[in-house]
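In what follows, a single structure is set out as structure tokens and then discussed.
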Amino acid sequence: MKPLQKALIQKIIDKFEGNVSFKNSKREYFFVNEQWLRLSNLKREEVIGKTDNEILSLDNAIRAEKTDMKAFEKQIPIEYTNSVILNGERIDFIAIKFVINFGSGEHFFLCTIADFLYNKEKVLAFRKIIDAFFERKGRR
């Protein structure tokens, strides 16, 4: 992927108020947005090129791996809800994981978009933006 394409994707995902991440075919983080970094309390250089097992707790890594595998194997979007405790407060969120087929070296990305449960419509709308972006890129 060209640096200009990377910069454009990063700019697009940083505009989303919820969490967005992309993993490559090795299940390494390839992109994360600013909100993802804020909530995880990590720096970009601590995340990019790493797998869930390298940066998440064992329980969270196992949970992420299960949903990743389901999305990879079935090649269909996986929508799910979950609850986490953040700063002592229970937060319900919605997430969608889906595979984006892409050419030029990387055959796919696994994209995860997540936000508060009450923002479900925003999550689904942002997925359409990501799909449209990669569909246009694939036609060039």
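The values are calculated or read from the model by the stated rules, or taken from the named source; none is laboratory data. Just so we're clear, the structure is a prediction, and the values are computed from it rather than from any experiment. Please note: Cβ atoms are built from the backbone with ideal geometry, for glycine as well, and neighbour counts cover all protein chains shown. Side chains included, ligands, DNA and RNA excluded: accessible areas come from the protein's heavy atoms. Shrake-Rupley method; radii C 1.70, N 1.55, O 1.52, S 1.80 Å.
Some points to look at:
- So Phe30, is it more than 24 Å from Glu135 (Cα to Cα), aromatic (Phe, Trp, Tyr) and touching a residue at least 24 places away in the same chain (Cβ under 8 Å): no
- Unmet requirement for Glu106, which otherwise passes all of (1) out of contact with any strand residue (DSSP E or B) (no Cβ under 9 Å at 6 or more places or on another chain); (2) open to solvent by less than 70 Å² (accessible area, probe 1.4 Å); (3) at pLDDT below 90: (1)
- Of everything listed in (1) modelled with pLDDT of 85 or more; (2) closer than 19 Å to Asp115 by Cβ, the single unmet condition for Ser83 is (1).
- Only residues that are under 21 Å from Ile62 (Cβ atoms) and acidic (Asp, Glu) were counted across the stretch 9-31, and they come to 1.
- Any hit, the stretch 109-130, residues being assigned to a helix (DSSP H, G or I), charged (D, E, K, R) and open to solvent by less than 80 Å² (accessible area, probe 1.4 Å): yes
- Among the helices (runs of 4 or more DSSP H) confined to the stretch 18-63, the ones with at least 3 residues that are touching a helix residue (DSSP H, G or I) at 6+ places or on another chain (Cβ under 8 Å) and farther than 22 Å from Tyr118 by Cβ are located at 44-47, 52-55.
- Ile12 β-branched (Val, Ile, Thr) and part of a helix (DSSP H, G or I): yes
- Near pairs, Cβ below 7 angstrom, 6+ apart or cross-chain, from the stretch 2-13 (within 14 Å of Phe134 (Cβ to Cβ)) to any residue that is open to solvent by less than 40 Å² (accessible area, probe 1.4 Å) and assigned to a helix (DSSP H, G or I): Ile12/Phe133
- Looking across the stretch 39-58, the residues that are loosely packed, with under 12 Cβ neighbours inside 10 Å and polar (S, T, N, Q) come down to Asn41, Ser57.
- Filter result for Glu17 (farther than 19 Å from Ile129 by Cβ, open to solvent by 50 Å² or more (accessible area, probe 1.4 Å) and modelled with pLDDT of 90 or more): no
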